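Here the structure comes first, spelled out in structure tokens, and everything after it is commentary.
The values are calculated or read from the model by the stated rules, or taken from the named source; none is laboratory data. If you're wondering where the values come from, they're calculated on a predicted model, not measured in any experiment. Glycine gets a Cβ as well: all are built from the backbone with ideal geometry, and neighbour counts include every protein chain shown. SASA here: full protein model, heavy atoms, side chains in, ligands and nucleic acids out. Shrake-Rupley method; radii C 1.70, N 1.55, O 1.52, S 1.80 Å.
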Amino acid sequence: MQLQFEQGKYKQVADSFERSSQEFSPEARSQFAVLAGRAQRQMGNHREAIELFNSVTAAAPNSVFAREAAWERLAAMYQLDDPNLIGEIDAYLTNNPESQKRDQVQLMKAEVLYKKQDYAAAAPLYEALTKSRQLSGNMKAEALTKLGWCYMQTRELERAVRAYSELIDGYPGYKSLPLALAQRGNAYLRLNNHSSALKDFDRVVQSLPKAKEREFCLVQKALLQGKMNDGAGMAETFGRLLADYPKTEAADEANWWIGVERFDAKDYKASVAPLEKARALNKEEYFERASQRLMQAHYQMEDLPGVGAEIETYLAGGGKNLSVDLLRWVGLAFHERAVAAATADQREAAVENYEAASKYLGMLSNRGEAKPEDTFRLGKTLLFLRQFAKAAEVLEKYLSTTTEPLLRATALNEIAQARLGNGELDAAQKSVDEGLK
């Protein structure tokens, strides 16, 4: 209601000027035009306001009203983001305006340069304004906030620290205090002053629970703890981040580092869930690294089905860096399970495990990285699965790699069984005869 009342009042002033301005003396008309221009500016009609202010400076360029109109005109141009504003401000400053207006116009110029991201040009203006006796405390605090940011962008980090420190110490109740602490911590971090950076991040985390910068500070605190070799502290801080900000954009990174810390601490079981989460949230960044650790985690827990599932997930996702040792361990483990099941006359379990052994030993063989004993186990596995032609082929390959008589005789016996199973009686007899030698 108050806003509506004020808008109505401004409109009344503007309309009165339109109707009655010609009835006044030139001096009174200039005064009235300034009032009407202010009214138009308050209503957001900045172009109309500029026209009124221009009429005052044209009619009475040396009057007190012209000086007031010149100031108001700059404010209207600022609201319009007028590209000519910097030049107009410089021209205005050559006329030696009163100190309060001068500082306000300098602040306006600094703001224009800041919006244009010309931080190098804006910084000295903000620096001077922080010492102004004319600007309010809030204005100087805002100038310090932006001065710190300018120095961050121009990589003058020690100056940034000084600006933010002046704001933090001099204006402890200012609204941008959390931002100043976060950015000062960031500047300290880039200066490798880790202890000071950690204090600033932690102050926001512990003392300013409602600050929007708190999430950022939690992430930075956790990463810094990791850099300082405090893995447990890092994991705890990232855990707090996930608890306090379930939808944080850093969830993938948080889960990744929690998983890594637990993996490195050999708590393999606890590492699985966060590593899986990191991979699911950001495949591009974490698929390869998380998958490698997950396969190793299941391996360290001797969780054979888990390793097998992770290998399948890895291959399905396009992974191409399977560990030879891991493949060999999985293939051998499934083979041993299959032999035990077959010995216990558990046909179904034996087939299931032999099929798994065939898959992983086959991968090893296809990569040309199988040892002779791997090749022999693969041949025996295929023989049990009644894949006789493939079994004979693999066993012949094994035979070509060994010269020890007993091993050759054993291999020839297995080849004979494969040939026999495939209906190749003459070839089977030939293998038996050679083995008998």
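Counting Lys and Arg as +1 and Asp and Glu as -1, what is the net charge of the other residues whose Cβ lies under 14 Å from the Cβ of residue 364? Numbers along the way, then the final one.
On the way: positive: 328, 359, 367, 371, 377, 397; negative: 325, 369, 373, 374.
Neighbourhood net charge equals +2.
For the chain, the longest principal axis of the C-alpha atoms and the axis of helix 214-227 are separated by about 50°. How tilted is helix 251-264 with respect to the longest principal axis of the chain? Cα atoms for both, answer in degrees (0 to 90, nearest 10). Once rounded, one gets 40 degrees.
Sparse packing (at most 12 other Cβ atoms within 10 Å of the Cβ) combined with a DSSP loop state is found for the following trypsin sites (Lys or Arg not before Pro) in region 280-324: 320. Between helix 64-79 and the chain there is an angle of about 20 degrees, using the helix long axis and the longest principal axis of the Cα atoms. Rounded to the nearest 500, the helix-only mean residue ellipticity at 222 nm of the chain stands at -25500 deg cm²/dmol, with each DSSP H run of n ≥ 4 adding -39,500 (n - 2.57). Listed cross-link partners 101/140; 283/371; 397/430; 359/390; 210/269 are compared with a 23 Å cut-off, the Cα-Cα value being larger for 283/371; 210/269. Computed 3J(HN,Hα) for region 96-102, one whole-Hz value per residue from the Karplus formula 6.51 cos²θ - 1.76 cosθ + 1.60 where θ = phi - 60°, is 6, x, 4, 4, 5, 5, 4, glycine and proline marked x.
Under the simplified labelling scheme, the residue 323-residue 244 pair shows an inter-label distance of 3.7 nm, with each label point 7 Å from Cα along Cα→Cβ.
Listed peptides 149-155, 272-278, 224-230 appear in the order 272-278, 149-155, 224-230 once ranked by packing, highest mean of other Cβ atoms within 10 Å at the front.
To the nearest whole percent, what portion of all C-alpha pairs in the chain is separated by more than 44 angstrom? The answer is 49 percent, as a whole percent.
For region 133-220, the gyration tensor built on C-alpha atoms gives an oblate shape. Its axis ratio a/c (a ≥ b ≥ c) is at least 1.5, and a/b is not larger than b/c. Rolling a 1.4 Å probe over the protein heavy atoms gives the chain an accessible area of 54 Å² per residue.
Between the listed residues 150, 229, 160, the Cα displaced farthest toward the positive end of the dipole of region 95-230, a dipole computed from Cβ unit charges relative to the Cα centre, is found at 150.
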